[in-house]
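Read through the structure below, which is laid out as structure tokens, and then see the notes.
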Amino acid sequence: MKPSNFNLTIELDNHKSVLINTLTGAMDILPNETIDYLQDGLCNTNDEVAEYLYQRQYLLDADLDEAQLVQDLYGELLKHQRKITPLRGVIILTFDCNLRCKYCWQQYKVDEKNKLKLTRDKVDNIFISMEHLYSSLENKSEQPPIIQLFGGEPLLPENKEIIAYSLHKCSEKKWYAQITTNGVFLNDYMRIFEEFPVNEIQVTIDGPYEVHDRRRIGSKYEELMDSIGRLLQVNRIHTKLRVNVDTANIDTLPELANDIIKRQWYTNRKFYAYIAPLRDSSLEEPKLILERSHLLQKLMVLKERYPQIEIFDMLGWNGYQAVRVLENTGKMPYPRVNICDTNMNQFVFTPKGEIHVCAEEAHDPAGIVGYYWPEYVLNESSFLGWYNRSPLQLSNCKGCALLPVCGGGCQLFIKNRDFYGPYCQAVRDSLIGGIKNYMKQEKLV
Ligand code: SF4
Ligand code: SF4
């Protein structure tokens, strides 16, 4: 027999360890002597311990080609995943933004030529291109596509007409409409939202007022909270509140949670709030990634002291996301077979007329996979370079026991491989810290 490549051992106190197979989702708490059976010399011991590890698939037949099995499994799961994930069109209305958030890595890229805005004709072409793209994909969902209006900041006062037009097109086609906004001009758009259906709006807030106003320069906490309150009155709109956290604002989460509780938003089933780690997709320095597992540990301690912060879900904590699934379902998740949205039927449309697949690098001509303006053209080889890249092909990730949990990080790391080190450490620490915390919470140790 031989050990599976996806065994992960997490040592606990009392001479015990948690053994997880990240591919099958098997998980056991075992004495450390049992874990020793996974070593090459001992795994052929013919006794009931080895038999148990074999039954749980931590040990495999010596002649089993696990790599081939994983390749086949990933292929099938990816097809299935694509068939249940609606086509997503992210429309960047403008790269321009009215705020100058202290941490924003995008603002220095907003020069005059990036202030270009969309026109009606371009919006028409985006909708036509979405139809072409849908037909060209082999595995796709039959659910209606999602259009996400994005920026920069999409809801600038001068964009009213084009926003109304885009929402009108969505409603005509019965497609799902989402908007991601900083929320400053939400009030000015209420009438448009009442007239043209919008299914979901995501607004970012950074903490209670003195923290929010200091970090998101140009946005006012009280006005923003009032606008969100109004949005929740518009019946059909799901309102998502995103809270970006880093070491500078994490301690203020209980205060923000108290305000949300005071406003009773949590009683509205169309309200959803989540905490995400602040990120910097410019890949210029890994400081924020390095902080991530420390932040997570801090959050766990805070949750014990301030249970009100449970009103926030947690998204974007790679490694810990698997623990969230475990907490909610009692099971480890299925393997993550795509790296990110770039290989899951997502297309990004810029005001210049380009098509990309990653919204975070839509400034960069290197990411162009086609054009929707002046007419639709898809560059198959650039597109497939992103779309068909499997986590199993990433040289850094081959042989990594965390691959089924992590999915291989970010396609942009391929341009700057120095990011793998800090990122992989963050994924590992977040998973291990999360599992230990889960064991404690469930009183399993
Ligand atoms: S990105 Fe790092 S942690 Fe994730 S699968 Fe690749 S090597 Fe493993
Ligand atoms: S390539 Fe990286 S930045 Fe782009 S969508 Fe994927 S994870 Fe995000």
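Read the figures in this text as sums done on the coordinates, not as results from a lab. A quick note: this is a predicted structure, and the numbers were derived from the prediction, not measured. Here the Cβ is made from the backbone with ideal geometry for all residues, glycine too, and neighbour counts use every protein chain on show.
Charged neighbours of Gly25, selected by a Cβ distance under 11 Å, balance to +2 (K, R count +1; D, E count -1).
Report, in debye and to the nearest 20, how large the dipole of the chain comes out about its Cα centre when Lys and Arg carry +1 and Asp and Glu carry -1 on their Cβ.
That gives a dipole near 1140 debye.
With only the Cα atoms considered, region 363-422 has a convex hull volume of 104 Å³ per residue.
Entry note: the chain has Rg to Rh equal to 0.99, where both radii use alpha-carbon atoms and Rh is the Kirkwood radius.
Taken as Cα centroids, region 387-427 and region 278-318 sit 20 Å apart, rounded to the nearest whole angstrom. Applying a DSSP loop filter and a limit of 10 other Cβ atoms within 10 Å to the GluC sites (Glu not before Pro) in region 57-157 leaves Glu138, Glu142. Annotation: for a label point projected 7 angstrom from Cα along Cα→Cβ of Val325, residues of region 6-50 with backbone N closer than 15 Å are 20-27. With 0.36 nm allotted per residue and the present C-alpha distance subtracted, the Tyr334-Leu384 stretch has 15.5 nm of extension available.
Using only the Cα atoms of region 1-64, build the gyration tensor, take square roots of its eigenvalues as a ≥ b ≥ c, and label the shape rounded, prolate or oblate: rounded if a/c is under 1.5, else prolate if a/b is larger than b/c, else oblate.
Values: a/c = 1.94, a/b = 1.30, b/c = 1.49.
Judged from the Cα gyration tensor, region 1-64 comes out oblate (a/c at least 1.5, b/c at or above a/b).
For Lys220, the lysines whose Cα falls under 30 Å of its own Cα, not counting residues fewer than eight places away in the same chain, are Lys102, Lys109, Lys113, Lys115, Lys117, Lys160, Lys240, Lys262, Lys270, Lys287, Lys298, Lys303. Subtracting the Cα-Cα distance of Asn32 and Ala62 from 0.36 nm times their residue separation leaves 8.5 nm of extension gain.
What FRET efficiency do you get for Glu310 and His15 if R0 is 45 Å and r is their Cβ-Cβ distance, rounded to the nearest 0.05? Each step should come with its number before you reach the end.
Values: r = 33 Å, r/R0 = 0.73.
Plugging the Cβ-Cβ distance into 1/(1 + (r/R0)^6) gives 0.85.
A Förster distance of 30 Å, applied to the separation of the beta-carbon atoms of Glu223 and Ile84, puts the FRET efficiency at 0.15. Model label points for Asp251 and Met190, set 7 angstrom from Cα along the Cα-to-Cβ axis, are 3.7 nm apart.
Straight-line cross-link reach from Lys16 at under 23 Å between alpha-carbon atoms covers these lysines, not counting any fewer than eight positions away in the same chain: Lys2, Lys331, Lys436, Lys440, Lys443.
So what's the angle, to the nearest 10 degrees on a 0 to 90 scale, between helix 420-441 and the longest Cα principal axis of the chain? Computed tilt is about 70 degrees.
Report the local net charge at Lys16: Lys and Arg +1, Asp and Glu -1, summed over other residues whose C-beta lies under 15 Å from its C-beta.
Details: positive: Lys436, Lys440, Lys443; negative: Glu11, Asp13, Asp28, Glu33, Asp36, Glu442.
Net local charge, Lys16 excluded: -3.
Counting other C-beta atoms within 10 Å, and keeping those with at most 10, which DSSP coil GluC sites (Glu not before Pro) do you find in region 324-425? Intermediate results must be reported in sequence, preceding the final value.
Values: sites: Glu327, Glu354, Glu360, Glu361, Glu375, Glu380; in loops: Glu375.
Answer by residue number: Glu375.
Counting charges near Lys415 (Lys, Arg +1; Asp, Glu -1) among other residues having Cβ under 14 Å from its Cβ returns a value of -3.
Across region 72-82, coupling constants 3J(HN,Hα) worked out from phi with the 6.51/-1.76/1.60 Karplus curve, θ = phi - 60°, read 5, 4, 4, x, 5, 5, 5, 4, 4, 4, 5 Hz, and Gly and Pro carry x. Sequence-ordered 3J(HN,Hα) estimates for region 98-104 from the Karplus curve with 6.51, -1.76 and 1.60 and θ = phi - 60° stand at 7, 9, 10, 4, 4, 9, 5 Hz, glycine and proline given as x.
Its alpha carbons considered, region 271-357 gives a radius of gyration followed by a Dmax of 16.3, 50 Å. May I ask you to compute the full-extension gain from Lys270 to Ser171, defined as 0.36 nm times their residue separation minus their alpha-carbon distance, rounded to one decimal in nm? Result: 33.7 nm gained on full extension.
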